[in-house]
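Structure first, commentary second.
The values are calculated or read from the model by the stated rules, or taken from the named source; none is laboratory data. All figures in this text were calculated on a predicted structure; none of them were measured in a lab. Please note: Cβ atoms are built from the backbone with ideal geometry, for glycine as well, and neighbour counts cover all protein chains shown.
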Amino acid sequence: MFRLPNPMTLFRSGPYASDELPKLLESLGLDEAALSRTQPTLQRDMVRVCAACQQKARCDVDLDAGTSAQHYAEYCANAPTIDALSQKT
C-alpha cells in the first residue's frame, strides 16, 4: 500500500530552511541585514514563513534563473510583506 509522506517533511527544515529569503530580497533590491536591524520582528516572521514554504523548488528555479522579481508574487507567501517593504523604499 502506498503511503503519502508526512506533509511536514516536504520542505526543508533546520538552519538552511530559509536560505531563499536573503537571495530573494537581494534580487529585489532589499537589504535583509538592514531589515533585521530596523524591523527584527518582521524579519523573523518572514524567515518563519519562508522556512515553512512548500514552494521552495519553484523559488530555487527562479532564483537560479534570475527571474524571481517577475514571478515571486505568484507563489511566495511573503509577497505581500515584500511588496509593502518595496513601497517604503
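Within region 51-66, is there a residue that is farther than 18 Å from Ala17 by Cα and out of contact with any Phe, Trp or Tyr (no Cβ under 8 Å at 6 or more places or on another chain)? Yes, that holds for at least one residue. Within the set Arg12, Arg44, Arg37, the sole residue that is on the phi < 0 side of the Ramachandran plot, modelled with pLDDT under 95 and in a helix (DSSP H, G or I) turns out to be Arg44. Looking for something in a loop (DSSP other than H, G, I, E, B) and at pLDDT below 95 - is there at least one such residue anywhere in region 72-89? Scanning region 72-89, I find at least one residue that is in a loop (DSSP other than H, G, I, E, B) and at pLDDT below 95, so the answer is yes.
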